[in-house]
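J.: Pasting a structure here, questions to come.
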Amino acid sequence: MKQSLQLKLGQQLTMTPQLQQAIRLLQLSTLDLQAEIQEALDSNPMLEITDEEHGDGEQANGSNGAEDSGATTTGDSQALNSAESDDIRARNESADNSNDSTSTDSDWSDSIPEDLPVDTSWDDIYQTAPSGTGLAAPEQDDADYDSRRSANDSLQGHLMWQLNLTPMSDRDQVIAMAIIDGIEDSGLLGTSLDEIFEGLATELDDLELDEVVAVLHRIQQFDPPGVAARDLSDCLLIQLRQLPANTPALGDAKLIVSQYLALLGSRDYKQLMRKAKLKESELRNAIALIQALNPRPGDQIYSGETEYIVPDVFVAKQEGRWVVNLNPDIAPKIRINDTYASMVKRADTSSDNTFLRDNLQEARWFLKSLQSRNETLLKVATCIVEKQRGFLDFGAEGMKPLVLHDVAEVVGMHESTISRVTTQKFMHTPQGIFELKYFFSSHVSTDSGGECSSTAIRAIIKKLVAAENARKPLSDSKITTLLADQGIKVARRTIAKYRESLGIPASNERKRLV
């Protein structure tokens, strides 16, 4: 095999560290971006948070001081003499006050205990007022209610708290704790009694299954109602048994839940009335009572902190035009520290100067990447708003078909960049807060040769189902016919797919007794 040298020309895209950083910041969500900025502030001494209010305050104070000095130099001699006499009088008064305060302080210090216990702090004896005010520290009753609630408050913890307040023998408490461990987040018992019995048989001597059942019945009286039920029927029955005896349709509801729950689930009302020997009005009242129950009692217990969505852009109509603005509060304002930047020397090659110079360059790249991210986000959001003005005016039914390629052509970027920008970025509109990806949808042809967005079709389906007759719900074929009357050609299977994506059950499951 002979070796030889060859020359070849070609183009290749090189991912520089600056480009990699810009792409990484572009795809970060709002919370991730805030964490990234905070990490940059902690690691790079060249970056600092911009305190605009503080700076304005200093400038304002400086101007006021200049005006005051000017007024003094232009004053007459009488004003100066008056000022001197006032100064002498003020000094005499302050001297008198200092003598009084000295005696007052001595009297006040005598009331302080000399020997305080070691485990006593100053705040335990005296209330501390905020600095600069003479008021006592405000109470924290007006604090955010959600922040005061424990994020670790689970269903098991709620049940264990009630168990500790329930008088039980040590043997029953062991059984109760085993039962509570087997309860799922929904509130139902996820472990069979036989498995619980087998697990406790090795710990407790002469254990019988009736003991486990008896303890289970006691736990089923805990809050929330219906907890520790073995199945759905048992859960609903527990809640019905806790209602007053004079509750309307209580007996019929117990009968349906205990024997004919499957017929109720399939909405076979005719057979249900025949087997339960109920009239239509009686069945309607019983169903209303059953629907008021909670099939998942465990969901009533707070199990986590509330998560809020922070929009990245705001859309508002101003003078007949839709205007897009970035959210100024999604990230702190940062800048380069002028004091540290002035310490960098060009010809100095020392380690300290190299450290400062490298951090200054990284800070500039980081600020440039943030600016590029904001410009790209604003450009893409503006393009989406221009394409979806019908949605902003009329809602989901006015949505137009839109794909990534359409936006990429307008803004002059690659589709992968548009995908990064629209992921986990949210837009605040008069119709609500939506992720930017929500505005992209496929299209369906119409009879007139136009296109209709799949999101608009979903909105039409939801509107048709909301206005249907509850006794005779619209089938997928009927919805297909109604859309065809509007000039929209959609297959029945497509209607079924859109209906399932909206969480709308089939027509036989939507049947109601009016």
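J.: Consider region 498-514. How many of its residues are surrounded by 15 or more Cβ atoms within 10 Å (Cβ to Cβ) and within 29 Å of the chain's Cα centre (by Cα)?
T.: 3
J.: Looking at region 299-321, can you tell me whether even one residue there is over 22 Å from the mean Cα position of the chain (by Cα), at pLDDT below 90, surrounded by fewer than 12 Cβ atoms within 10 Å (Cβ to Cβ) and part of a helix (DSSP H, G or I)?
T.: Scanning region 299-321, I find no residue that is over 22 Å from the mean Cα position of the chain (by Cα), at pLDDT below 90, surrounded by fewer than 12 Cβ atoms within 10 Å (Cβ to Cβ) and part of a helix (DSSP H, G or I), so the answer is no.
J.: Determine which single condition residue 297 fails, assuming it passes every other condition in (1) touching a strand residue (DSSP E or B) at 6+ places or on another chain (Cβ under 9 Å); (2) under 19 Å from residue 432 (Cα atoms); (3) of a type outside the set (Phe, Trp, Tyr); (4) touching a residue at least 24 places away in the same chain (Cβ under 8 Å).
T.: Result: residue 297 passes all but (2).
J.: Which ones in region 161-193 are closer than 13 Å to residue 227 by Cα and either more than 38 Å from the chain's Cα centre (by Cα) or loosely packed, with under 15 Cβ neighbours inside 10 Å (or both)?
T.: 181, 184, 185, 190
J.: In the set 255, 236, which member is over 36 Å from the mean Cα position of the chain (by Cα) and either over 13 Å from residue 297 (Cβ atoms) or in a helix (DSSP H, G or I) (or both)? Before you say what the answer is, go through the steps one by one.
T.: Numbers: 236 fails: over 36 Å from the mean Cα position of the chain (by Cα).
Exactly one of 255, 236 is over 36 Å from the mean Cα position of the chain (by Cα) and either over 13 Å from residue 297 (Cβ atoms) or in a helix (DSSP H, G or I) (or both), namely 255.
J.: Say we look at region 468-495 and pick out the residues that are of a type in the set (A, V, I, L, M) and outside any loop (DSSP other than H, G, I, E, B); which of these is farthest from the chain's Cα centre (by Cα)? Step through it out loud before you land on a result.
T.: Of the residues in region 468-495, the ones of a type in the set (A, V, I, L, M) are 470, 474, 479, 482-484, 488, 490-491, 495.
This time we only want the ones that are outside any loop (DSSP other than H, G, I, E, B), so: 479, 482-484, 488, 495.
Numbers: 479: 36, 482: 38, 483: 37, 484: 40, 488: 37, 495: 32 Å.
The selected residue is 484.
J.: Taking only pairs six or more apart or across chains, which ones have beta-carbon atoms under 9 Å, a first residue in region 224-249 that is at pLDDT below 95 and surrounded by fewer than 16 Cβ atoms within 10 Å (Cβ to Cβ), and a second residue that is in a helix (DSSP H, G or I) and of a type in the set (Lys, Arg)?
T.: These pairs meet every condition: 241/254.
J.: Anything in region 461-473 that is of a type in the set (A, V, I, L, M) and either surrounded by fewer than 20 Cβ atoms within 10 Å (Cβ to Cβ) or modelled with pLDDT under 90 (or both)? List them, or say none. So that I can check it myself, show each step before the final result.
T.: Residues of region 461-473 of a type in the set (A, V, I, L, M): 461, 464-467, 470.
Listed by number, the residues that qualify are 464, 465, 466, 467, 470.
J.: In addition: Can you find a residue that is assigned to a helix (DSSP H, G or I) and either outside the structural domain of residue 283 (by TED's automatic domain parsing) or of a type in the set (Gly, Ala, Ser) (or both) anywhere in region 422-432? Outline the logic, then answer.
T.: So in region 422-432, the residues assigned to a helix (DSSP H, G or I) come out as 422.
Cutting the leftovers down to either outside the structural domain of residue 283 (by TED's automatic domain parsing) or of a type in the set (Gly, Ala, Ser) (or both) gives us 422.
Checking region 422-432: at least one residue is assigned to a helix (DSSP H, G or I) and either outside the structural domain of residue 283 (by TED's automatic domain parsing) or of a type in the set (Gly, Ala, Ser) (or both).
The values are calculated or read from the model by the stated rules, or taken from the named source; none is laboratory data. The shown structure was predicted, so the numbers you read here are calculated from the model rather than taken from an experiment. No Cβ is skipped: glycine too gets one built from the backbone with ideal geometry, and neighbour counts run over all protein chains shown.
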